Amino acid sequence: MSFLTLALILIAICVGSLPPLQAGINATLSGYHGHPLWGAITNTAVATLTLLVVILVARAPASNLQSLGDAPPWTWLGGVLGATMVLSAILIAPRLGAAAYVSATLVGTVTASIVIDHFGLVGFEIHPASWIRIVGGGLVISGMLLVQSS
């Protein structure tokens, strides 16, 4: 394994620590708003402003808005999926707890990832669902069941 690959895995692990923090922060903020949808929209607005600042600081080139019309229709679902993830975390995580919520979403993430890789969906290259990947997914499910059992 190269140093770059190891570094990227470590960064991904660190990023993986963010969902339970985000869920708790957004649920708390929603309580101050009085409704979960306002917490979700606040999250999305702050995320948008953050990205605009990063675009300006990084001096990213302007978007090619004309080519957006050529994008497959399914590419527009990313924002819908993001909003669904934020809202579900606000509504579900406080009821289940951080570990139970994240372990359950991790099962969904790993299962969907194996299927997406196997068929090369949504722009990914094909990575067949080998028996070792399926066993790994099974271990993730086992881990979720252990976390849920307490």
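The values are calculated or read from the model by the stated rules, or taken from the named source; none is laboratory data. Source: prediction; values computed, not measured. Counting neighbours? That spans all protein chains shown, and the Cβs are built from the backbone with ideal geometry, glycine included.
Here are a few things to note about the model shown:
- Residues that are farther than 25 Å from Pro20 by Cβ and not in a helix (DSSP H, G or I) within the stretch 81-139 comprise Gly120, Phe124, Glu125, Ile126, His127, Pro128, Ala129, Ser130, listed in sequence order.
- Filter pass, Val53 being of a type outside the set (Phe, Trp, Tyr) and touching a residue at least 12 places away in the same chain (Cβ under 8 Å): no
- A single member of Ser103, Ser88, Ser113, Ser130 is in contact (Cβ under 8 Å) with a residue 40 or more places away in the chain, surrounded by 10 or more Cβ atoms within 10 Å (Cβ to Cβ), out of contact with any Pro (no Cβ under 7 Å at 6 or more places or on another chain) and among the polar types (S, T, N, Q), and it is Ser103.
- Check on Ala98, surrounded by 12 or more Cβ atoms within 10 Å (Cβ to Cβ) and hydrophobic (A, V, I, L, M, F, W, C): yes
- Members of the stretch 7-65 found to be hydrophobic (A, V, I, L, M, F, W, C) and in a loop (DSSP other than H, G, I, E, B), listed by number: Ala60, Ala62
- Selection status of Gly97, at pLDDT below 95 and within 22 Å of Gly24 (Cβ to Cβ): yes
- Restricting the stretch 57-76 to residues that are aliphatic (A, V, I, L, M) and under 25 Å from the mean Cα position of the chain (by Cα), the residue that is modelled with the lowest pLDDT: Leu68
- The listed residue being under 30 Å from Leu146 (Cβ atoms), at pLDDT 95 or above and within 16 Å of the chain's Cα centre (by Cα), out of Ile116, Ile9: Ile116
- Any hit, the stretch 28-35, residues being closer than 26 Å to Phe124 by Cβ and among the small types (Gly, Ala, Ser): no
- Any hit, the stretch 116-125, residues being farther than 26 Å from Ala40 by Cα, surrounded by 14 or more Cβ atoms within 10 Å (Cβ to Cβ) and in contact with a Ser or Thr (Cβ under 7 Å, 6 or more places away or on another chain): no
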